[in-house]
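Note sheet for the following structure.
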Amino acid sequence: MNSIVYMPTKCLCGKNAVINNSSAFSSLGKSCLIVTGKKSAVLCGALDDAVSALKKENIEYEIFNEIGENPLISACHRAGEAARKARADFILGIGGGSVLDASKAIAIYASNPELSPIDIYKREYSSDPLPVALIGTTAGTGSEVTAVSVLTNDETGRKKSISGPDCYAALSFCDPKYTESLPYGITVSTALDAFAHAVEGYFTEKCVGIIELYAEKCIPQIYGCLKELSQSGSVSPSLREPLYYGSLYAGLVINTCGTAFPHPLGYVLTENYGIPHGMACAAFFSDFIDRCLLFAPEKAKKFFELTDGIDEVKSVINSLVDLKGLSISDEEAKNYALRWQDAIPRNFTASPGGLTQEEAAGILAQLS
Ligand code: NAP
Ligand code: FE
């Protein structure tokens with residue numbers, strides 16, 4: 001059993017983590033750029049808490065609230081300029097995965113004025129990024145604990161990640177209370193993302209040792225919540241904690257293992273049909289689990305012990321996936337799959353049995 005586990009972010013977890021640990025901000029500097037989306041940071045109370053904590057520590061701040069879903073490199077680049085103008089010592093991202101991922105990119109742009117938006121993908125620059133603090137407000141991506149930032153290239157409309165040690169936050173404040181304002185639909189989609197992380201990571205060869213324990217802890221935890229969401233059609237307050245901490249465990253799983261083929265296939269649905277990220281990945285759950293059963297039967301057996309067995313788990317996940325009548329023709333599917341013709345993504349080879357470009361097109365064309 002060989003594995004490397006590295007996750008250097010200091011996570012401050014629990015109720016009122018931001019207020020109770022305000023002094024942690026001081027370790028990052030005397031001024032910051034707060035990065036948010038349009039509404040949620042205010043709505044969930046996290047911005048208020050952050051501002052109180054910064055004021056208590058005499059830290060200056062300015063706010064950049066123009067990060068949208070599936071964050072654009074152009075918006076992150078603009079925020080990098082705003083950070084320089086504000087003479088920010090660090091970036092504080094408050095939001096869902098989109099804002100958290102954007103904050104990691106903004107920290108790189110901020111200290112490297114020579115970078116054009118697209119240059120971020122070259123992964124070369126002269127100065128270290130500014131330190132980043134994060135406050136998560138969704139229970140999905142686990143970006144709080146991953147060395148990944150998923151960005152959208154405005155020119156191509158395609159999602160493309162950057163990753164590496166420079167994408168770790170210095171601090172993550174993890175308080176499930178901020179997820180209480182999430183409506184049912186976003187709660188479901190983000191929970192499906194967390195479940196996809198746990199399950200896809202679980203079936204990779206890297207999922208051994210303590211990471212396997214994390215996966216085996218969060219798979220039943222998130223699955224139990226999904227089952228309740230499916231049965232009740234609403235979100236009980238008691239689900240917020242298990243969903244949020246489940247998403248962090250699942251983040252730790254993908255941080256070591258990466259994801260499998262549902263993630264890149266899901267990007268096609270998000271980019272071209274506006275399907276939210278978690279829902280888009282979960283649309284391929286049945287195809288994925290069928291291949292796991294075929295090519296990794298022992299692990300699949302364990303997975304079904306952690307959940308409810310193949311029919312029940314598929315039925316729960318599929319009951320929560322709503323693709324709004326979306327269908328993809330053979331021709332369209334082949335065209336989408338052209339993106340994988342030059343290089344098969346790591347997510348395909350990491351999936352049990354692997355996946356070819358032709359098989360990916362076949363799976364896309366069977367969607368309904
Ligand atoms: P999101 O795109 O960050 O947010 C979705 C929506 O939820 C936005 O409209 C946002 O509003 C709203 N929202 C956020 N928190 C809320 C709250 N507490 N109450 C009410 N509304 C709230 O969703 P996400 O699923 O967390 O992030 C998805 C992104 O993360 C995708 O780009 C995906 O590719 C990426 N991702 C990253 C990783 C990683 O390891 N880094 C892993 C998986 C996925 P506002 O716009 O007003 O904020
Ligand atoms: Fe994801």
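Any read-out appearing in this document is the output of simple, stated calculations on the displayed coordinates, not a laboratory observation. None of the values given here were measured: they were computed from a predicted structure. Here the Cβ positions follow ideal geometry from the backbone for every residue, glycine too, while neighbour counts run over all protein chains shown.
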* Six or more apart or on different chains, Cβ under 6 Å: which pairs go from a residue in region 141-152 that's in contact (Cβ under 8 Å) with a residue 12 or more places away in the chain to one that's among the aliphatic types (A, V, I, L, M) and near ligand 1 (Cβ under 6 Å from one of its atoms)? Could you list them? => none
* **Evaluation of D101 against (1) within 16 Å of ligand 2 (Cβ to nearest atom); (2) surrounded by fewer than 16 Cβ atoms within 10 Å (Cβ to Cβ); (3) charged (D, E, K, R) (one fails), failing number** => (2)
* Yes/no for L243 being more than 21 Å from N347 (Cβ to Cβ) and within 16 Å of ligand 2 (Cβ to nearest atom) -> yes
* Asked: Within the group A194, A169, which residue is within 29 Å of K39 (Cα to Cα), in a loop (DSSP other than H, G, I, E, B), among the small types (G, A, S) and touching a residue at least 12 places away in the same chain (Cβ under 8 Å)?
  -> A169
* To do: Select the strands (runs of 3 or more DSSP E) contained entirely in region 14-119, then report the ones holding at least 3 residues which are touching a strand residue (DSSP E or B) at 6+ places or on another chain (Cβ under 9 Å) and of a type in the set (A, V, I, L, M, F, W, C).
  => 31-36, 90-95
* Scope region 19-38; condition out of contact with any Ser or Thr (no Cβ under 8 Å at 6 or more places or on another chain) and closer than 14 Å to K177 by Cβ; matching residues -> N20
* Could you tell me whether region 283-303 includes any residue that is in contact with a Ser or Thr (Cβ under 6 Å, 6 or more places away or on another chain) and either in contact (Cβ under 8 Å) with a residue 24 or more places away in the chain or within 20 Å of L364 (Cα to Cα) (or both)? => no
* Structure fact -> Turns out the helices (runs of 4 or more DSSP H) fully within region 261-368 with at least 1 residues that are more than 18 Å from the chain's Cα centre (by Cα) are 262-273, 285-295, 297-306, 310-320, 330-337, 346-349, 357-365
* Asked: Inside region 137-150, can you point out the residues that are near ligand 1 (Cβ under 8 Å from one of its atoms) and not in a loop (DSSP other than H, G, I, E, B)?
  -> S143, V148, S149, V150
* Scan region 189-217 for residues that are more than 14 Å from ligand 1 (Cβ to nearest atom) and under 17 Å from the mean Cα position of the chain (by Cα) and jot them down. => Y202, Y214, A215
